[in-house]
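Below: the structure, in structure tokens.
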Amino acid sequence: MPVPRFEYYAPTTVSKAVGLLEQAGPEARVMAGGTDLLVKIRFRVIQPRALVGLKKIKGLNRISFSRKKGLTIGATALLADVAASSSVRRHYPGVAQAAGQTANVQVRNMGTVVGNLCNASPSADNAPTLLALGSQVRIAGPGSERVLALEDFFQGPGITALKPGEIVTSVNVPLPPPRSATAYLSLSARAKLDCSAVGVGVMLSLDDRDRCRDLRVFVGSCAPIPVRAKGAEQLLIGEKLTDRAVERAALEAARATQPIDDVRASADYRYKMVSVLTIRAIMDAKKRALRKKN
Ligand SMILES: Cc1cc2nc3c(=O)[nH]c(=O)nc-3n(C[C@H](O)[C@H](O)[C@H](O)COP(=O)(O)OP(=O)(O)OC[C@H]3O[C@@H](n4cnc5c(N)ncnc54)[C@H](O)[C@@H]3O)c2cc1C
């Protein structure tokens, strides 16, 4: 099947990219790594007339960390680079874990974390942990810039809050609270060649008596957008993280989801695995947070 014809632009600044998108109209698409986009074009799921590539824009691939501003992952930072970054691994291990568990080595060397978010697949592996950390996306558009909570970014499968002509320039992750840790765990049938059937990202912080001071749990692949398991969080905040308490909360996490049967897994399996992964992710995060005591 031949690839349909399209114009390809490689602007060198964000404002030129925004200008090109505006000029080309609704049939233009932004391209970062192209690992999703080109497959969809090849199989004629979409037929854009123009692609605006971001990879020639200097500095957009930057991954930076400071204690004041937290972590910034630029729009063209590769999944592989985020997974390998020493500051991401040290301060945000769940973010590195999620990027390192996305797809396979070829896709991680082309695809980006921001492209994974903008693709807005319910199974996007990088969404749950970044949501749990309270991240924000920085968006450039015609004549303006805005910052949006990632929690408000996902609107449905393949649908985001981006308006015509807008580009996400980075995702910004606040500094996690003291004595906190993140974790991301996922399951897929064909060991990473397949999108996740279930993914759970958590951010946990402990108080000075090792009780749960704060917890955020997000589940991917089990609803049209990643869902927050608020009921599970509420059962544990202020409590000791005993096996029993965590198991109860994990059952509550499953209740927040609406899994479906599809080629990747049955709804029933997904529902059960939400609880299993929630227990493991909370316990992993607890272990990491406890190590930060001294
Ligand atoms: C074999 C294979 C395995 C895969 N496995 C997984 C997996 O295990 N887990 C998983 O989550 N995903 C998986 N994917 C999906 C995909 O590779 C990832 O979502 C990847 O992170 C997409 O990044 P990208 O830079 O290639 O995005 P692109 O393909 O360039 O773009 C994806 C979408 O986002 C839009 N977009 C990209 N960047 C921006 C931006 N800065 N601003 C506005 N819009 C933008 C594009 O217009 C497009 O609609 C897999 C894909 C393949 C082909």
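The values are calculated or read from the model by the stated rules, or taken from the named source; none is laboratory data. This structure is a prediction, so every number in the text was calculated from the model and none was measured. Here Cβ is always computed from backbone atoms with ideal geometry, including for glycine, and neighbour counts include all displayed protein chains.
Details
- Within region 224-235, being within 24 Å of the chain's Cα centre (by Cα) and not β-branched (Val, Ile, Thr) holds for 224, 226, 228, 229, 230, 231, 232, 233, 234.
- Meets criteria (hydroxyl-bearing (Ser, Thr, Tyr), within 15 Å of the ligand (Cβ to nearest atom), farther than 16 Å from residue 169 by Cα and surrounded by 17 or more Cβ atoms within 10 Å (Cβ to Cβ)) for residue 72: no
- Yes/no for residue 35 being within 13 Å of the ligand (Cβ to nearest atom), in a loop (DSSP other than H, G, I, E, B), over 30 Å from residue 177 (Cβ atoms) and touching a strand residue (DSSP E or B) at 6+ places or on another chain (Cβ under 9 Å): yes
- Residue that is farthest from residue 36 (Cα to Cα), among those in region 213-224 that are buried (at least 20 other Cβ atoms within 10 Å of the Cβ) and of a type in the set (A, V, I, L, M): 215
- Every pair of residues 6+ apart whose Cβ atoms lie under 7 Å, when the first sits in region 62-77 and is within 14 Å of residue 92 (Cα to Cα) and in a strand (DSSP E or B) while the second is of a type in the set (Asp, Glu) and more than 11 Å from the ligand (Cβ to nearest atom): 63/81
- Number of positions in region 107-143 that are of a type outside the set (D, E, K, R) and within 16 Å of residue 185 (Cβ to Cβ): 10
- Here residue 3 meets each of (1) among the aliphatic types (A, V, I, L, M); (2) under 15 Å from residue 172 (Cα atoms); (3) away from the ligand (no atom under 11 Å from the Cβ); (4) in a loop (DSSP other than H, G, I, E, B) with one exception, condition (2).
- When residues of region 103-115 are limited to those that are of a type outside the set (Gly, Ala, Ser) and either surrounded by 24 or more Cβ atoms within 10 Å (Cβ to Cβ) or not in a loop (DSSP other than H, G, I, E, B) (or both), the one farthest from the ligand (Cβ to nearest atom): 105
- Looking only at residues in region 17-26 that are at pLDDT below 95 and over 15 Å from residue 162 (Cα atoms), the one that is surrounded by the fewest Cβ atoms within 10 Å (Cβ to Cβ) is 23.
- Answer residue from region 260-291, given it is within 21 Å of the chain's Cα centre (by Cα) and of a type in the set (Ser, Thr, Tyr) and is surrounded by the most Cβ atoms within 10 Å (Cβ to Cβ) among those: 278
- Filter pass, residue 94 being away from the ligand (no atom under 11 Å from the Cβ), under 21 Å from residue 196 (Cα atoms) and not aromatic (Phe, Trp, Tyr): yes
- In region 44-60, the residue that is nearest to the chain's Cα centre (by Cα) out of those that are assigned to a loop (DSSP other than H, G, I, E, B) and away from the ligand (no atom under 11 Å from the Cβ) is 59.
- Members of region 116-155 that are touching a Pro at 6+ places or on another chain (Cβ under 7 Å), in a loop (DSSP other than H, G, I, E, B) and more than 12 Å from the ligand (Cβ to nearest atom): 133, 134
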